[in-house]
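The values are calculated or read from the model by the stated rules, or taken from the named source; none is laboratory data. All of these numbers come straight from a predicted model, not from anything done at the bench. Positions of Cβ are generated from backbone atoms using ideal geometry, with glycine treated the same way; all protein chains shown enter the neighbour counts. Each accessible area value is taken on the protein alone, full model and side chains, heavy atoms only, with ligands, DNA and RNA left out. Shrake-Rupley method; radii C 1.70, N 1.55, O 1.52, S 1.80 Å.
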Amino acid sequence: MASPRILVLATGGTIAGMAGSATRHDYRPGQIGIEDYLARASELGLQAELSGRQIANIGSEDIGPPVWSVLHAQIAAALADDECDGIVVTHGTDTAEETAFLLDLTLPTQKPIVLVGAMRPADAVGYDGLRNFANAVRVAGDGRAAGRGVLVVMGDRVFAARDVRKVRTRGSDDAFRGFPRGSVALVTPSALEWFGAPWREQGGARYGYPEQLADVPVVYVHAALDPNLIRRVGTPETRGVVIAGVGEGNMPGPVRDQLADMARQGLIVVRASRVDEGLVDREPDDDAAGFVAARALNPQKARLLLQLLLAEGIADPAAIQAAFDDPYS
Ligand code: DAS
């Protein structure tokens, strides 16, 4: 059987990072270029034909709309290219979940698209990047990965973009988790086991790629949060706000009153949770306040979904709630 042809789009991160020492804690992300990286990977003897392109070489804390739009265009072109069977994006781990979710909602699903990173820089003892990369190539070269949207490969596990989140800042095996679904497959360089069938076989992009993303800040709620802070959040252009609420998206009464007031004036207010595996369902009070419940999306993903909806001209809280209830319907 012919080897799958995989396009690798490199954006930087720790997977391409160097510390200048095997044991130092501090390091610089995005130090190895794609050609060099593919030369290192060629020593692994992967069953794939790899080609690469450098999109950026930065830490993912600096990734945002300029990189996202280039990535989106490059992946869309690769999806339409008969010479490409799958795509791997190397990415910093800090915001991999956001890039994955945005691409997941705005790209068709007919070929595997896989994001991969590393928790340790390339010259550190115990570098996890090449193993993760080998795993990602294996997933991207497997036709059964199609119809599952954008996937994230870390620590011998495969996660769906909607579910994946970075939950640890140390350790290479369990730094990522999925919620509400756990991992959707187990992968090693020599084995790949899927749990269940693809769930997005209809294949189309759910949302158009937006020309601009609206101003939507995230507010982190804590005990005794001052409602005056809410008044100062955002600019006249701010279209919505995502609340990283306590527990099930809760907030102090005066903060709730302030936000309800702003919702009456047209601000979209989405209640998410600051709890990592927080599920925020609609509550009776949401009707009166005009709030939206984020369901299983964490605040950073809720923000992206709201931005995509606003870009499509959807600003009615009931329609926004329906999209949060099922982001892919
Ligand atoms: N510096 C971080 C980033 O680029 C960490 C990482 O990649 O793991 O996201």
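Accessible surface of Met251, taken over heavy atoms with a 1.4 Å probe and every protein chain present, rounds to 20 Å². For the pair Glu49 and Arg282 in one chain, pulling the backbone fully straight at 0.36 nm per residue adds 79.1 nm over the alpha carbon distance.
To put it simply, the accessible area of the chain at a 1.4 Å probe is 50 percent carbon and sulfur. Normalised by the number of residues in segment 271-315, the mean separation of alpha-carbon contacts (under 8 Å, six or more apart) gives a relative contact order of 37 percent.
What the phi angles of segment 267-275 give under the Karplus curve with 6.51, -1.76 and 1.60, with θ = phi - 60°, is a coupling list of 6, 7, 10, 10, 8, 10, 10, 7, 6 Hz, glycine and proline written as x. Under 5 Å from the amide H of Ser183 lie the amide H atoms of Gly178, each residue being 5 or more positions distant or on a separate chain, with H modelled from the backbone and absent for Pro and chain starts.
Taking the DSSP bridge list for the chain and keeping only pairs wholly inside it, about 35 percent are antiparallel. Between the beta carbons of Thr238 and Arg40, assuming R0 = 41 Å, the FRET efficiency works out to 0.40 to the nearest 0.05. Between Val164 and Phe179, the built amide H atoms are under 5 Å apart, and every one of these is 5 or more places off in sequence or on another chain.
Take every pair of alpha-carbon atoms less than 8 Å apart whose residues are at least six positions apart; their mean separation over the length of the chain yields a relative contact order of 13 percent.
Loop sites by DSSP among the trypsin sites (Lys or Arg not before Pro) of the chain, restricted to those with at most 14 other Cβ atoms within 10 angstrom, leave 171-329 as the longest stretch without any of them.
Projected label points at Arg170 and Asp226, each 7 Å from Cα along the beta carbon direction, are separated by 3.5 nanometres. Per residue, the accessible area of segment 172-293 comes to 51 Å², computed with a 1.4 Å probe over protein heavy atoms only. Helices meeting the span-like rule in the chain (full DSSP H runs, Cα extent of at least 20 Å along the helix axis, mean Kyte-Doolittle score of 1.0 or higher): 65-80. Taking all protein chains together and a 1.4 Å probe, the residues Asp62, Asp123 rank Asp62, Asp123 from largest to smallest accessible area.
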